[in-house]
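Read the structure below first, then the notes.
Nothing in this text is a laboratory measurement; each read-out follows from the coordinates by a stated rule. These numbers were taken from a predicted model, which means no experiment stands behind them. Here the Cβ is made from the backbone with ideal geometry for all residues, glycine too, and neighbour counts use every protein chain on show.
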Amino acid sequence: MTAVVLCALIASTYTIHSERVCVDAVQAAVDVGADPYVAAALVYAESRFADDRVSSSGRVGPYQITVQYYCPDGVIDDCDLYHHGALALLRYLTDPEWTTLREQLCHYNSGSNRDCTTRSYAFADRIIAMIEELQDDN
């Protein structure tokens, strides 16, 4: 499924800020080798496909990444938040320490050096449920 088709499906089911942000975020995931369904559900949960989102903890962009860890030189200037967000996701999806998607998403939410909390597991469960719904609709 292409990023455009997946995002059209999402937009027909969910309220999102921008279908263009969805397409760009999902395509960035595809470009780095991450699962497009996981990326789409994660970015929906993180930002509802808004590229200007800034959290109270300072995470930015559609993937809600921490600039100091994921952008070149730890600065936002010239940081492609789509590409570096997709790379951050891929890092969690391929970390051998976490063997299930639930663990990977939980640690993405909580930060790799933190234990998963009940809130982070709930976040992971919401994303997995959305992935399953999107795949069933396909």
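Key figures for this structure:
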read-out	value
Per-residue Cβ neighbour rank within 10 angstrom, fewest leading, VAL5, VAL26	VAL5, VAL26
Gap separating the Cα centres of segment 23-62 and segment 107-130, nearest whole Å	15
Mean separation of Cα contacts under 8 Å, 6 or more apart, over the residue count of segment 71-118: relative contact order %	22
Computed label-point distance, nm, for sites GLN135 and TYR69 using a 7 Å Cα→Cβ extension	2.6
Unit charges on C-beta of K, R, D, E only; dipole of the chain, Debye	360
Mean separation of Cα contacts under 8 Å, 6 or more apart, over the residue count of the chain: relative contact order %	20
The chain, helix-only ellipticity at 222 nm - DSSP H runs n ≥ 4, -39,500 (n - 2.57), divided by all residues, nearest 500	-19000 deg cm²/dmol
J(HN,Hα) series, segment 50-57, from Karplus relation 6.51 cos²θ - 1.76 cosθ + 1.60, nearest Hz, glycine and proline x	10, 8, 9, 5, 10, 7, 5, 8
Dipole-positive endmost among ALA86, GLY111, GLY33 within the chain (Cβ charges, Cα centre)	GLY111
Trypsin sites (Lys or Arg not before Pro) within segment 83-138, DSSP loop, no more than 11 other Cβ atoms inside 10 Å	ARG114
Cα-only radius of gyration and Dmax that characterise the chain, units Å	13.8, 41
Estimated distance in nm for a label pair at ALA122 and ASP52, the labels positioned 7 Å out from Cα along Cα-to-Cβ	3.0
